[in-house]
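Heads up: the structure comes next, in structure tokens.
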Amino acid sequence: MTFYERVVIMILKVIFHIDEMPKWGLLLANVRNLIEAKGEPPAELEVVANSEAVRLYEKERADSLLTSIGELSDQGVRFVACNNALKALGIKREQLLPGVSIVPAGVLELAEKQAEGYAYIKP
Amino acid sequence: MTFYERVVIMILKVIFHIDEMPKWGLLLANVRNLIEAKGEPPAELEVVANSEAVRLYEKERADSLLTSIGELSDQGVRFVACNNALKALGIKREQLLPGVSIVPAGVLELAEKQAEGYAYIKP
Amino acid sequence: MTFYERVVIMILKVIFHIDEMPKWGLLLANVRNLIEAKGEPPAELEVVANSEAVRLYEKERADSLLTSIGELSDQGVRFVACNNALKALGIKREQLLPGVSIVPAGVLELAEKQAEGYAYIKP
């Protein structure tokens with residue numbers, strides 16, 4: 001490994017993509033494993049949910065995974081919802097967990113982040 | 001966002017990957033959302049179908065999604081079929097929708113496009 | 001295609017990701033197609049298995065796919081298992097096929113390889 005590669009790894013940027021509800025448990029475990037393996041939260045770590053997967057962000061949901069999202073959010077992980085998906089499912093901004101950001105289109109966010117050097121992982 | 005990053009985003013290149021038939025509806029909605037969010041079709045936007053997903057390209061198929069493919073194709077989106085998949089499924093070039101391109105191997109196309117700076121999205 | 005892009009393609013680097021057992025057949029066919037399309041094994045071709053997908057690496061398994069892994073491994077493809085997944089499933093190093101490498105976290109490997117210029121493909 002060259003010096004240049006070590007620098008690249010040091011400022012690791014990762015974008016996780018999820019569009020199916022049943023994948024949330026695996027995705028959140030993946031995020032926790034990544035943070036633990038690095039020893040600290042990467043400076044740039046983002047989860048983009050589109051399609052039906054945005055449903056998990058509803059704060060009224062009685063789901064133990066919401067606790068994980070809250071804890072990871074506190075550690076600096078950004079959680080993002082696709083506005084096209086929210087509109088299609090009739091979910092309003094005030095129904096979302098505090099801390100969840102909204103982007104106009106999840107796919108545009110995924111493309112732009114990769115153009116900025118983020119690695120893409122889809123659990 | 002630096003000037004350099006804004007330039008990268010401006011010339012957005014995206015490759016979509018599909019290898020399962022049931023994902024076509026979601027994939028085409030993703031492509032439409034990306035184009036709408038950008039306000040114009042990205043200069044470089046390609047859909048690579050391999051494995052069983054190439055079946056949707058058969059022009060004799062009575063599927064409303066074919067209309068979407070035709071419309072997106074007219075807007076400049078490239079639709080590509082993996083020749084290994086076509087051979088395995090016994091589908092001939094003349095059975096495909098006009099405008100669909102054939103590449104020798106879908107996976108090689110996916111790898112080469114990423115090496116050229118394309119973002120990868122798998123719905 | 002510029003000279004620079006052709007050089008990038010020539011030294012093609014690809015990382016395949018698998019986290020579901022039923023996808024192994026498709027993944028190994030993808031790897032074989034990529035090698036065949038290039039005419040020779042890419043210098044840098046790696047398969048990262050995490051979550052339940054690490055189960056296929058157990059050498060006692062009576063599965064015809066193990067032969068494919070052995071053959072591709074002989075051609076230089078690297079097969080990697082996520083240690084978090086091995087621990088969660090109670091699988092020990094000595095139960096794995098010879099030639100399979102272990103990384104502390106599959107997701108970190110996927111992120112670091114992309115930071116080093118690998119293309120990501122998830123069959």
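Numbers for the structure displayed
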quantity: Subset of the stretch B:32-59 [touching a residue at least 24 places away in the same chain (Cβ under 8 Å) and touching a Pro at 6+ places or on another chain (Cβ under 8 Å)]; calculated: B:I35, B:S51, B:K59
quantity: Residues being without any contact (Cβ under 8 Å) to a residue 40 or more places away in the chain and surrounded by fewer than 17 Cβ atoms within 10 Å (Cβ to Cβ) - total across the stretch C:67-85; calculated: 7
quantity: Subset of the stretch A:20-31 [more than 9 Å from chain C (Cβ to nearest Cβ) and either in a strand (DSSP E or B) or free of Cβ contacts under 8 Å to residues at least 60 places away in the same chain (or both)]; calculated: A:E20, A:M21, A:P22, A:W24, A:G25, A:L28
quantity: Selection count where residues are within 24 Å of C:I35 (Cα to Cα) and hydrophobic (A, V, I, L, M, F, W, C), scope the stretch C:83-102; calculated: 3
quantity: Residue that is over 22 Å from C:K87 (Cβ atoms), more than 14 Å from chain C (Cβ to nearest Cβ) and either surrounded by 20 or more Cβ atoms within 10 Å (Cβ to Cβ) or of a type outside the set (A, V, I, L, M) (or both), where the choices are A:A49, A:A88, A:A62; calculated: A:A49
quantity: Hits in the stretch C:69-84 (condition: part of a helix (DSSP H, G or I) and either within 21 Å of C:V107 (Cα to Cα) or among the β-branched types (V, I, T) (or both)); calculated: C:I69, C:N83, C:N84
quantity: Matching residues in the stretch A:97-109 - criterion: being surrounded by 19 or more Cβ atoms within 10 Å (Cβ to Cβ) and within 11 Å of A:K59 (Cα to Cα); calculated: A:V100
quantity: Residue match in the stretch B:97-105 (condition: more than 29 Å from A:A115 (Cβ to Cβ) and not small (G, A, S)); calculated: yes
quantity: Residue among B:E112, B:E40 that alone is closer than 19 Å to A:A105 by Cα, among the charged types (D, E, K, R) and either surrounded by fewer than 18 Cβ atoms within 10 Å (Cβ to Cβ) or within 14 Å of chain C (Cβ to nearest Cβ) (or both); calculated: B:E40
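One line per residue, one yes/no per condition, for (1) outside any loop (DSSP other than H, G, I, E, B); (2) at pLDDT below 95:
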| site | (1), (2) |
| --- | --- |
| B:A37 | yes, yes |
| B:E40 | no, yes |
| B:E60 | no, yes |
| B:T67 | yes, yes |
| B:L86 | yes, no |
| B:E94 | yes, no |
| B:G99 | no, yes |
| B:A111 | yes, no |
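The values are calculated or read from the model by the stated rules, or taken from the named source; none is laboratory data. Note that the structure is a prediction, hence the values are computed from the model and not measured. Don't worry about glycine lacking a Cβ; one is built from the backbone with ideal geometry, like all the others, and counts go over all protein chains shown.
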